[in-house]
Amino acid sequence: MIKTYRMYWEFTRKSFQRSAAYRVDSWSRVLGNVMSLGIWGCIWFALYYGKGSVENISFHSMLSYILISMALQGIHNAGTPLWEIQRRVRTGDIAIELLRPYDYPLRMLFTDLGSMSFYFITAIFPLYTLIFIFFQPNIPLSASQWGLFLLSAVLGYLIRYSLELTFGLFTFWLVETGGVEDIFYFSISLFSGSVVPLWFFPDWLASIASLLPFQGIYFVPNAIFVGELSGQAILPALLNQVIWLLICYGLLRFVWAKASQKVVVQGG
Amino acid sequence: MSIIEVKHLYKEFKIPKRQEGLAGALRSLFHRQYLTKLAVNDISFSIDSGEMVGYIGPNGAGKSTTIKMLTGILVPSSGDIRVNGLIPYKERQRNARQIGVVFGQRSQLWWDLPTIESFELLKQVFQIPADRYRQNMVRFRKILDLDEFLHTPVRQLSLGQRMRADIAAALLHDPKIIFLDEPTIGLDVVAKERMRSFIREINQDRGVTVILTTHDMSDIEKLCQRMILIDNGQVMYDGELAKIKETFGKTRILIVDLEEDIVDFSLAGVEVIKQEGNRHWLKFNRDTITASQLISRISENYNVRDISIQDPEIEVLIRNIYENTLPLIID
Ligand SMILES: Nc1ncnc2c1ncn2[C@@H]1O[C@H](COP(=O)(O)OP(=O)(O)O)[C@@H](O)[C@H]1O
Ligand SMILES: [Mg+2]
């Protein structure tokens with residue numbers, strides 16, 4: 001057990017080191033992140049202009065929401081993106097992983113943990129500390145609120161990871177994979193509440209979003225962070241995340257089991 | 001004791017047929033047509049522990065497909081495979097611990113990491129005891145000359161270096177069996193020779209069972225006593241290399257340098273296949289005329305400066321077998 005854990009941990013360490021060797025990547029990601037933060041900040045500023053609050057949400061809460069959302073997105077983006085998973089499937093690189101005595105989905109998770117923590121420590125954390133000091137957004141005020149936010153953020157990331165890998169593995173069955181990519185990125189940018197919180201959705205769209213797993217990725221942790229989701233309402237939201245995580249992870253295991261029977265290695 | 005058993009193995013690939021034009025594309029959304037390709041067509045063999053076997057055949061014969069099934073990354077369409085008692089595709093992770101695999105055209109090392117880091121990662125992955133790892137590294141560094149590039153990222157290695165690193169990586173965990181799919185492809189003559197001597201060494205010193213695919217006959221000639229020759233997914237020949245030479249190698253080539261330049265070798269069973277200045281290449285059939293008979297006939301009529309006999313080239317033999325296209329049984 002301990003040994004197995006150490007093996008996966010080794011992937012985290014190595015990927016942390018590797019990120020250090022690719023700092024340029026890291027900087028260009030920071031730049032992209034700050035730019036979209038700027039753009040969305042301006043858009044929300046314009047939408048709120050002259051209004052104290054919209055749907056009972058103050059501009060200050062909305063600004064806080066977008067700040068924490070961009071910080072979380074920044075961390076997620078250091079993980080393995082969908083197109084990279086698709087590339088691995090298409091080229092057969094993923095099949096080579098079957099020649100190793102480990103579980104591929106798990107080893108990928110630990111690898112991503114390495115690059116995400118590197119990026120968090122060296123970029124997102126210092127950058128957003130400064131931004132937070134400057135804008136003074138709402139932040140959790142109690143240890144329990146911090147704890148619930150962190151828990152929710154981790155659950156959100158795990159939901160995203162399960163979905164992204166599952167979508168990536170669909171490449172095994174498809175000749176054209178552009179469609180899958182579009183669906184994934186569309187869903188994650190709309191239904192997850194990454195830039196538009198679910199509060200502002202028209203009822204019909206909000207009810208669709210509430211039936212999907214994506215809201216657990218950013219919306220729930222963001223809302224806890226800014227204090228819009230609090231008290232009694234937190235528990236069902238977390239429970240919803242846990243249930244979706246179980247479903248998505250179960251789906252991932254199922255798809256992985258099927259896919260690894262269907263492996264096709266090009267060339268050689 | 002056989003360590004690998006393959007019985008009536010089949011692998012069929014379904015290839016989606018591209019349909020022409022927009023109408024075709026639309027139709028293929030609902031009803032896709034497939035071409036089936038029988039890459040492995042009823043292959044059976046068994047390999048003993050400690051053997052070194054050459055699995056050879058022309059491009060597209062089904063070599064890699066067989067290797068992929070033996071390593072567990074491809075599921076057979078039908079048939080039985082046992083690798084040291086395990087069914088590879090069902091027990092992938094356990095099988096991975098007892099085998100080493102090198103694909104000549106695809107590195108299994110981590111592309112962006114310095115080579116040594118890949119080895120260290122493998123040490124954790126296979127949970128190799130520290131002293132065993134150290135011993136193996138000392139040895140591989142020496143015989144594979146790893147030191148010159150140990151700290152270079154894998155993506156910057158030359159093909160020969162990468163192949164050496166890949167072989168070392170495949171052997172670090174002391175596998176019982178190693179599969180080498182085209183380990184000499186793209187290497188220059190020196191690198192090839194070096195790779196061969198290393199393969200020979202691990203087979204002899206460590207008793208590692210080696211299955212090696214190649215379409216380079218000289219690999220087989222230099223390395224393997226036994227070869228399994230396949231074509232179109234079928235076994236054409238399975239046996240000793242020496243035997244195939246004996247059976248099919250009835251023709252020999254005699255090379256003679258003569259004083260004279262105008263000569264006439266009209267002897268039964270002898271054919272001039274080439275001439276360069278005073279040097280003549282004579283193909284003769286052992287059954288019709290023996291080498292000594294031929295030599296004495298020549299020296300009766302001409303002044304011989306130099307003389308040598310060439311063994312039949314393995315390539316030529318194989319071509320003969322392919323031209324027959326039927327599986328051969330030689331006992
Ligand atoms: N993934 C695949 N999909 C479709 N056909 C394949 C696939 N892999 C191999 N083939 C076909 O199977 C045959 C055998 O291929 P392979 O085993 O790679 O040959 P070799 O390694 O002997 O050159 C070839 O005709 C090849 O085109
Ligand atoms: Mg091949």
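Structural remarks
- Counting only helices (runs of 4 or more DSSP H) that sit completely within region A:37-145, those holding 2 or more residues that are more than 14 Å from chain B (Cβ to nearest Cβ) correspond to A:59-76, A:82-91, A:104-119, A:125-135.
- Top-ranked residue in region B:184-211 [being within 16 Å of ligand 2 (Cβ to nearest atom) and modelled with pLDDT under 90; ranked as farthest from B:I73 (Cα to Cα)]: B:L187
- Residue in region B:37-49 that is away from ligand 1 (no atom under 16 Å from the Cβ), in contact with a helix residue (DSSP H, G or I) (Cβ under 8 Å, 6 or more places away or on another chain) and either within 30 Å of A:A20 (Cα to Cα) or part of a strand (DSSP E or B) (or both) present: no
- Test: B:Y34 is in contact (Cβ under 8 Å) with a residue 60 or more places away in the chain and either on the phi > 0 side of the Ramachandran plot or away from chain A (no Cβ under 11 Å) (or both): no
- Some residue of region B:13-25 being among the charged types (D, E, K, R), within 14 Å of another protein chain (Cβ to nearest Cβ) and either touching a residue at least 12 places away in the same chain (Cβ under 8 Å) or more than 16 Å from ligand 1 (Cβ to nearest atom) (or both): yes
- Subset of region A:158-177 [within 14 Å of A:V89 (Cα to Cα) and assigned to a helix (DSSP H, G or I)]: A:E164, A:L165, A:T166, A:F167, A:G168, A:L169, A:F170, A:T171, A:F172
- In the set B:G104, B:G100, B:G160, only one residue is within 16 Å of ligand 2 (Cβ to nearest atom), assigned by TED's automatic domain parsing to the domain that holds B:S197 and not β-branched (V, I, T); that residue is B:G104.
- Lone qualifier among A:L190, A:L229, A:L239 - being surrounded by 19 or more Cβ atoms within 10 Å (Cβ to Cβ) and either over 27 Å from B:P16 (Cβ atoms) or within 16 Å of ligand 1 (Cβ to nearest atom) (or both): A:L229
So that you can scan it fast, the table gives a plain yes or no per residue for (1) part of a loop (DSSP other than H, G, I, E, B); (2) away from chain B (no Cβ under 14 Å); (3) farther than 26 Å from A:Q136 by Cα:
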| position | (1), (2), (3) |
| --- | --- |
| A:I183 | no, yes, yes |
| A:W199 | no, yes, no |
| A:F214 | no, yes, yes |
| A:L235 | no, yes, yes |
| A:Q241 | no, yes, yes |
| A:S260 | no, no, yes |
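- Verdict on B:I56 being within 15 Å of ligand 1 (Cβ to nearest atom), more than 13 Å from chain A (Cβ to nearest Cβ), surrounded by 22 or more Cβ atoms within 10 Å (Cβ to Cβ) and under 19 Å from B:C224 (Cα atoms): yes
- Residue match in region B:104-122 (condition: within 10 Å of chain A (Cβ to nearest Cβ), within 28 Å of B:N232 (Cβ to Cβ) and surrounded by 20 or more Cβ atoms within 10 Å (Cβ to Cβ)): yes
- Checked against (1) on the phi < 0 side of the Ramachandran plot; (2) within 11 Å of chain A (Cβ to nearest Cβ), B:G72 passes all but condition (1).
- Only one entry in B:T66, B:T71 is over 21 Å from B:N232 (Cβ atoms), of a type in the set (V, I, T) and within 16 Å of ligand 2 (Cβ to nearest atom), namely B:T71.
- Per the listing B:M69, B:M137, the residue uniquely buried (at least 17 other Cβ atoms within 10 Å of the Cβ), among the aliphatic types (A, V, I, L, M), away from ligand 1 (no atom under 14 Å from the Cβ) and not in a loop (DSSP other than H, G, I, E, B) is B:M137.
- Conditions (1) free of Cβ contacts under 8 Å to residues at least 60 places away in the same chain; (2) more than 21 Å from B:E182 (Cα to Cα); (3) small (G, A, S); (4) within 13 Å of ligand 1 (Cβ to nearest atom); number of the one not met by B:S77: (1)
- Of the criteria (1) touching a Phe, Trp or Tyr at 6+ places or on another chain (Cβ under 7 Å); (2) within 16 Å of ligand 2 (Cβ to nearest atom), which one B:S78 fails: (2)
The values are calculated or read from the model by the stated rules, or taken from the named source; none is laboratory data. Owing to the predicted nature of the structure, the values given are computational and were not obtained by experimental measurement. Every residue, glycine among them, receives a Cβ derived from its backbone with ideal geometry; neighbour counts consider all protein chains shown.
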